[in-house]
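Below is one structure, written out as structure tokens, with a few remarks after it.
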Amino acid sequence: MPDTDRVPAAARVFVVLLIGALLYFGWNAIEKWPFTGWRLYSEIKGDTAGSFFAYRLAPDGSVHAIDYQELPDAYSRAPYLLEKFDRRTEEERERVCDSLANGERGEGREVDAIQIYWERYRVRLVDHERVKDRIERDLRWTCADDDDDRSGEKAQ
Amino acid sequence: MSGSKALRRLDDLLFGPEAPARLLAVQGLFLVLISLRAILSPYPKLAGAPAGLFKPAWVISYFDHMPPRSVIVAVQLVIVAAAASWFLIGRNPQWRGPIRRTTFAVAWLGFLFLAALRGSRGKIFHIELVLVWAALPLVFAPGDARWSDRTPKRRYGWPIRSAIGVMSAIYCMTGIWKLRNSGTDWVFSDNMKLSLLWGRVRGERPPLGDLGVWLADHHPLPRVFAACILLFEVTFPLVIVFRRIRPLYVAAAWMFHLGTLLLLGLDYVVWPCTVTILLVNWPAVSDRLGVAKPLLASPEPVGAAYATQEAGTVMTT
């Protein structure tokens with residue numbers, strides 16, 4: 001191999017640091033995107049699973065599940081923000097709720113408040129068919145029920 | 001094997017020689033994948049998200065809200081223009097080196113930005129990450145590789161081999177976390193059966209959701225699938241050492257990720273694309289099939305280097 005065919009020292013250092021950093025963030029499950037813990041689907045699935053779901057409280061008192069497919073595309077992943085909703089601060093929760101309320105109003109629907117329910121489902125096989133039942137439903141928060149808009153839109 | 005030979009062998013795993021033609025093919029295919037992803041993914045639809053629904057990823061934490069559509073479209077156009085420049089201007093011998101390096105870096109940075117936007121919606125987004133990380137060593141690769149040059153050299157080999165190392169670390173880490181969080185129960189419990197039954201907890205049912213239910217109902221198929229997935233992930237770094245098993249891992253990656261797409265509704269197709277780009281020896285494939293010269297070949301006369309073309313199997317050299 002000719003002498004000129006060498007790997008630059010900087011390249012070696014860079015590669016070792018890069019792989020080292022990926023392993024360090026991965027092993028310690030540090031989530032600083034694009035560094036991540038790579039814990040994809042590492043938890044065992046049970047036959048029950050729960051999550052938070054957002055509903056629109058109409059002026060007549062009726063409650064309607066928010067259909068994200070009826071909202072602008074920018075709202076399509078809003079359910080992600082409902083995951084671990086209980087770990088968010090009060091202000092963060094209000095911002096999410098106000099954003100959802102604005103989205104619903106933008107589609108011409110009346111909103112008195114946004115309600116966040118904890119719902120738990122169970123899935124099972126019955127006669128070779130998949131059956132999914134809701135086994136728990138609990139109202140956890142009512143938000144976006146005042147005149148203050150904390151969605152951040154007015155600030156822009 | 002003596003100590004120095006062993007050290008050299010170890011060094012070769014990450015920094016060993018590869019044909020310049022292979023580097024050219026890997027860079028070109030990464031740019032095609034990045035461009036296709038940039039164009040086909042609905043990034044512009046991210047615009048207009050209320051600030052309350054924006055949780056910026058660390059790498060773009062200086063944003064306080066989702067950038068407007070015009071910015072996102074501009075970045076998409078920059079990525080495509082950079083890729084096109086890499087292919088077209090990069091063929092000019094005079095400009096080849098600087099243009100290729102600059103345009104690849106621009107395309108990578110643009111893609112990182114778009115991927116970060118998708119990862120700024122309250123959930124860690126892994127779909128584009130394997131491409132982001134595996135393509136990073138290529139940003140620093142030499143820009144003067146020629147398609148006609150099949151002589152393996154270290155300066156063209158280290159970006160490919162280190163990219164394979166990065167990809168292997170990622171796959172292995174996903175498998176390790178399954179073991180750390182769940183142990184062998186990840187395989188030997190009803191985990192996979194229930195995953196198939198759940199499909200996607202939110203959103204539409206997977207395309208082959210009914211087949212997923214059928215599989216879930218047929219013990220021990222779900223456990224066999226789970227075992228294959230875990231084995232595939234944990235042992236992925238073997239591709240660094242054993243070139244002959246690479247075709248197996250390319251095929252396994254496609255089966256695994258197409259399976260998760262069709263049965264679970266999880267679109268990780270970028271991952272097997274990345275695996276394929278890095279593990280296939282494209283010059284050998286091209287030579288065997290007698291195709292793929294037009295865009296990658298430089299206009300100058302083909303040199304004698306071609307005579308040293310590596311022999312061997314298509315995907316294992």
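Quick note: the coordinates plus some simple rules give every number you see, no bench work behind them. In this text, all values refer to a predicted model and were calculated from it rather than measured experimentally. Neighbour counts are summed over all protein chains in view; Cβ atoms, including those assigned to glycine, are modelled from backbone coordinates with ideal geometry.
Numbers at a glance
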| read-out | value |
| --- | --- |
| Neighbouring partner chain Cβ atoms per residue of A:84-96, average, 10 Å criterion | 2 |
| Net charge contributed by nearby residues that have their C-beta within less than 13 Å of residue B:139 (K/R +1, D/E -1) | +2 |
| Dipole magnitude (debye, nearest 20) for segment B:157-292, charges at Cβ of Lys, Arg, Asp, Glu | 360 debye |
| Vicinal HN-Hα couplings computed from phi for segment B:17-31 (Karplus, 6.51 cos²θ - 1.76 cosθ + 1.60; Hz; Gly/Pro x) | x, 9, 5, x, 4, 5, 4, 4, 5, 5, 4, x, 5, 4, 5 |
| 10 Å Cβ neighbours from other chains, averaged over peptide B:152-162 | 4 |
| Those lysines that a straight Cα-Cα span of less than 23 Å connects to residue A:32, excepting residues fewer than 8 apart in one chain | A:84, B:55, B:123, B:178 |
| Gyration tensor verdict on chain B (Cα atoms; rounded if a/c is under 1.5, prolate if a/b is larger than b/c, oblate otherwise) | oblate |
| Around residue B:115: net Lys/Arg minus Asp/Glu count, Cβ-Cβ under 11 Å | +1 |
| Chain A: calculated mean residue ellipticity at 222 nm from DSSP helix runs of at least 4, using -39500 (n - 2.57) | -8500 deg cm²/dmol |
| Once the Cα gyration tensor of segment B:21-101 is diagonalised, semi-axes √(5λ) in Å | 32, 12, 12 |
| Contact order normalised by residue count of segment B:17-131, Cα under 8 Å, 6+ apart, percent | 32 percent |
| Lys, Arg +1 and Asp, Glu -1 on Cβ, resulting dipole of the protein assembly as shown about Cα centre, debye, nearest 20 | 2360 debye |
| For segment B:143-210 and segment A:1-61, distance of Cα centres in Å | 12 Å |
| ³J(HN,Hα), Karplus 6.51/-1.76/1.60, whole Hz, each residue of segment A:19-35, x for Gly, Pro | 5, x, 5, 4, 5, 5, 5, x, 4, 8, 6, 8, 9, 10, 3, x, 7 |
| Amide proton proximity set for residue A:50, modelled H, under 5 Å, gap of 5+ | A:121 |
| Local net charge near residue B:154, Cβ-Cβ under 9 Å (Lys/Arg +1, Asp/Glu -1) | 0 |
| Only Lys, Arg (+1) and Asp, Glu (-1) charged, at Cβ; chain B dipole about Cα centre in debye | 460 debye |
| Average beta-carbon neighbours from other chains, 10 Å sphere, peptide B:143-149 | 0 |
| Relative contact order (%) - criterion: Cα under 8 Å, at least six apart; region: chain B | 24 percent |
| Which of B:83, B:130, B:141, positive extreme of dipole for the protein assembly as shown (C-beta unit charges) | B:141 |
| Length-normalised contact order for segment A:94-142 - Cα pairs under 8 Å, 6+ apart - percent | 33 percent |
| For segment A:48-143, with +1 on Lys and Arg beta carbons and -1 on Asp and Glu, the positive-most of A:64, A:111, A:121 along the dipole | A:121 |
| Residue-averaged [θ]222 nm for chain B, counting only DSSP H segments that reach four residues, each worth -39500 (n - 2.57) | -19000 deg cm²/dmol |
| For chain B, with +1 on Lys and Arg beta carbons and -1 on Asp and Glu, the positive-most of B:206, B:102, B:270 along the dipole | B:102 |
| For the protein assembly as shown, diffusion coefficient by Stokes-Einstein and Kirkwood Rh (Cα), 10 °C, 1.306 mPa s, µm²/s | 65 µm²/s |
